[in-house]
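Just below is one structure, and these are the notes that go with it.
The values are calculated or read from the model by the stated rules, or taken from the named source; none is laboratory data. Since the model is a prediction, treat every value here as computed from it, not as a measurement. So basically every Cβ, Gly included, is an ideal-geometry build from the backbone, and we count neighbours across all protein chains shown.
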Amino acid sequence: MNRRLLTILLIAFAIALGCSFIVYRMVGNRLMAVAQPRGANVIVAANDVKIGSILQATDLTTTQMVGPLPKGAIVKKEDAIGRGVVSALYQGEPVIDSRLAAPGSGGGLAATIQQGMRACAVKVDEVVGVAGFVTPGMRVDVLISGTPTGVTTSEGPKTKTLLQNIQVLSAGTDIQKDNEGKPQQVQVVNLLVTPEQAELLSLASNQTRIQLVLRNPLDTQEAHPPGVAMAGLFTDTNPAPKARPAGVSHKAVTNVYVIEVLNGGKRSEQKFSAGEEKQ
């Protein structure tokens, strides 16, 4: 075979092979771009962060998330560092703007208080606090028990539902002093209330005994219980018999039988009561 012709065939084969490789790379890259959509960087919690904490740079990390980002997701660390946490964050969870306090408001319990609301501390029974029956985020009703002052009554102590569907901000212990000046631990629960409700709780905590009862957070309907007094616990629920009016007598009703007697052309009747013997 002519050497010149062989050289031309080799060069043509090399060119075809190069073009095929270029086309393969271009088509392959486009297919990979369609199969693997590009992700976006989002800020997530590097560890568990408790409510009331102030975010530090060590609490945050960046990860890539494929698909649409959650509403309000923070994509820059600078937008989250130094802000208070109003809802606990867990490791690997995206940091949402609504889960953080406003910039400059700091951390702690104050950052969790909504605009126009107040945090009111209430002393509760030790069993309620220690056993963890009341934890942040739960909903409770506030019951008060005591004896009304300035009211002449023989019913004894009373219990009344003072507030309903109240959110719990925090639960823990506080150090207070007793009558002898010695420090003692007291179970304290902070409730999220309006200013008017805070006044009611302040007065009730000084004059009555407060008890919290849990309720289903999905149950937002308010009940209207009338309250109960100590005397009402021992009252017989069966209605008492009505007294008979004076001077009115009731006679027993008896059955009267009538017998018609025919004697020839005469017709007569005989009457006697039930049980009475007639001959």
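Just to be sure, is GLY52 farther than 17 Å from THR112 by Cβ and within 30 Å of the chain's Cα centre (by Cα)?
no
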Query raised in the report: Of everything in the range 197-249 that's at pLDDT below 85 and basic (Lys, Arg), which residue is surrounded by the most Cβ atoms within 10 Å (Cβ to Cβ)?
Result: ARG244
Report summary line: Selection from the range 1-49 of residues modelled with pLDDT of 75 or more, under 30 Å from ASP97 (Cα atoms) and of a type outside the set (Gly, Ala, Ser) yields ASN41, VAL42, ILE43, VAL44, ASN47, ASP48, VAL49
Query raised in the report: What residue, of GLY72, GLY92, is touching a residue at least 40 places away in the same chain (Cβ under 8 Å), at positive phi and not assigned by TED's automatic domain parsing to the domain that holds SER202?
Result: GLY92
Query raised in the report: Which pairs do you get when a residue that is assigned by TED's automatic domain parsing to the domain that holds THR135, found in the range 212-227, comes within reach of a residue that is part of a loop (DSSP other than H, G, I, E, B) and surrounded by 10 or more Cβ atoms within 10 Å (Cβ to Cβ), reach meaning Cβ atoms under 6 angstrom, with the pair 6+ apart or on two chains?
Result: LEU212/VAL124; LEU212/VAL134
Query raised in the report: Can you tell me which of GLY18, GLY67, GLY82, GLY28 is at positive phi and surrounded by 10 or more Cβ atoms within 10 Å (Cβ to Cβ)?
Result: GLY82
